[in-house]
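The values are calculated or read from the model by the stated rules, or taken from the named source; none is laboratory data. None of the values given here were measured: they were computed from a predicted structure. Here the Cβ is made from the backbone with ideal geometry for all residues, glycine too, and neighbour counts use every protein chain on show. The area values use the complete protein model at the heavy-atom level, side chains included, leaving out ligands, DNA and RNA. Shrake-Rupley method; radii C 1.70, N 1.55, O 1.52, S 1.80 Å.
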Amino acid sequence: MTPAYRIAIVGAGLGGLTVAGLLQRAGCSVTVYEQAPAFSRIGAGIILSANVVKALRPLGVEERLLRAGIQADSFVSRAWDTGEVLYEIRFDKAAEAHFGAPYLNIHRGDLHDILQLAVSPNSIRLGHSLARLNEGSASINLVFENGEMEDADIVIGSDGIRSKVREHLLGFEVPRFVGRVAQRAIFPTAHLKGFEMRDCTKWWAPDRHALTYFLTSNRDEVYVIGTVPAAGWESDSTWLPSSRDELVASFTAFHPDLRRVVEATTDVTVWPIYDRERNDIWSGRRTVLLGDACHPVRPYMAAGGAMAIEDAVILSRCLTEFDDPSRAFAAYEATRIPRVAEVQRISFENSWMHGPTDPDWFFCYDACTAPLQVPSLNQPP
Ligand SMILES: Cc1cc2nc3c(=O)[nH]c(=O)nc-3n(C[C@H](O)[C@H](O)[C@H](O)COP(=O)(O)OP(=O)(O)OC[C@H]3O[C@@H](n4cnc5c(N)ncnc54)[C@H](O)[C@@H]3O)c2cc1C
């Protein structure tokens, strides 16, 4: 695509920062608009499986990721009551060679900081909340809540689950509350008082689950997330303060190995879980969506951020490979939709690595080298 195109990216989250860094490296003119007045370190962990670590390699951030996060030695699934091991995958040197990269767990704030360093600082405009888009024949106009306006040739909507760019493209539709909330906590490992926790364990019960993992390579910080049924979510906030007692009460009947971990928490927050029905329209004439703006998934496969980052890689490849944006968008959709649809399906049923699993299709995938699917010119869009 001609470098003269002005590309506006709305939302400096995981997907937005990744696509910005990649397009800048390809010589494109990119500006990122983020609603937040400043970035904050939200208390949560995130899993970066080998496919994500590979996707981020062109940004040159792997060393930093390895320093900030932990290469988990395994992922273990256990039954909530008996503690029986239902599935275990080892992430040793052989697995790393097979999948093409390590499996990392990291603090989400650290990941965000690292991605931000890969983007030219002058190109990020904080405090710019998109209000609406006006599409003309020659350009697209972005109108922000602060009264400012900017013109662009292409708008990438990486503005998360309540995306304004999505609203412009598909109309307003509230996200679907899935009837569950996530209780999350981070605490120092010293609180475990000598209890030896495995690197990464998911505990499965019929109506709820919990996931525990270390966040740092010296194993001094622990992350816990439990998802439990909830009748509704009345607040406009994306999270609310909760308590250790509420978290402990949610998992009181679980195996002692999990109870030791939840009882060691101090500060707990609670997050509603939303998703949307699958939608296969990801772009218009001058707008294109990625990540949660496009296909928010339930967090049970720990793959929402992974999909946003892979989207960013494929979209940047398509935009640099094709002169015509509509061809680029068509190739992007054709390449991404089948893989994302499978992740949506598995996330919906919460079955990933519950029992014996062949993870190769997910972990071995490399968005930097995967063939682009190019619809033929005669094919209807
Ligand atoms: C409880 C929970 C646990 C999770 N765990 C994992 C995990 O372990 N692994 C994983 O891969 N994924 C996980 N996810 C999912 C993951 O967090 C998301 O899928 C991912 O952050 C999506 O990235 P994104 O770039 O599309 O959107 P986001 O990271 O949400 O970024 C959107 C950005 O857009 C900005 N924005 C929004 N509206 C506007 C506007 N109008 N104007 C300007 N800016 C705007 C926001 O401020 C934000 O910075 C989890 C999600 C939840 C809820």
Of those in region 75-114 that are in contact with a helix residue (DSSP H, G or I) (Cβ under 9 Å, 6 or more places away or on another chain) and in a strand (DSSP E or B), the residue surrounded by the fewest Cβ atoms within 10 Å (Cβ to Cβ) is Ile89
_Would you confirm, using the coordinates I've provided, whether Gly355 is under 22 Å from Thr227 (Cα atoms) and over 15 Å from the mean Cα position of the chain (by Cα)?_
yes
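Out of all the residues in region 239-251, is one or more open to solvent by less than 10 Å² (accessible area, probe 1.4 Å), closer than 22 Å to Ile42 by Cα and more than 9 Å from the ligand (Cβ to nearest atom)?
Yes, the conditions are met somewhere in region 239-251.
Taking the options Ile114, Ile140, Ile154, name whichever one is among the β-branched types (Val, Ile, Thr) and over 24 Å from the mean Cα position of the chain (by Cα).
The unique qualifying residue is Ile140.
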When restricted to Ile154, Ile140, Ile124, the only residue touching a residue at least 24 places away in the same chain (Cβ under 8 Å) and under 29 Å from Ala302 (Cα atoms) is Ile124
For region 259-298 the number of residues that are touching a residue at least 40 places away in the same chain (Cβ under 8 Å), closer than 23 Å to Ala185 by Cα and either among the β-branched types (Val, Ile, Thr) or surrounded by fewer than 23 Cβ atoms within 10 Å (Cβ to Cβ) (or both) is 17
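Here is a yes/no grid of residues against (1) under 27 Å from Ser77 (Cβ atoms); (2) of a type outside the set (Lys, Arg); (3) buried (at least 22 other Cβ atoms within 10 Å of the Cβ):
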{"position": "Val155", "(1), (2), (3)": "no, yes, yes"}
{"position": "Arg162", "(1), (2), (3)": "no, no, no"}
{"position": "Phe172", "(1), (2), (3)": "no, yes, no"}
{"position": "Pro175", "(1), (2), (3)": "no, yes, no"}
{"position": "Gly179", "(1), (2), (3)": "yes, yes, no"}
{"position": "Glu196", "(1), (2), (3)": "yes, yes, no"}
{"position": "Trp203", "(1), (2), (3)": "yes, yes, yes"}
Here the qualifying pairs (Cβ atoms under 7 Å; residues six or more apart or on different chains; first in region 363-375 and in contact (Cβ under 8 Å) with a residue 60 or more places away in the chain; second small (Gly, Ala, Ser)) come out as Phe363/Ser49; Phe363/Ala50; Cys364/Gly100; Asp366/Gly100; Ala367/Ala55; Cys368/Ala55
Scanning region 29-65 for residues that are open to solvent by 10 Å² or more (accessible area, probe 1.4 Å), outside any strand (DSSP E or B) and either within 12 Å of the ligand (Cβ to nearest atom) or closer than 30 Å to Arg132 by Cβ (or both) gives Glu34, Gln35, Ala36, Pro37, Ala38, Phe39, Ser40, Ile42, Gly43
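Could you tell me which of the residues Asn146, Asn141 is at pLDDT 95 or above, farther than 18 Å from Arg41 by Cα, away from the ligand (no atom under 12 Å from the Cβ) and not small (Gly, Ala, Ser)?
Answer to the selection: Asn141.
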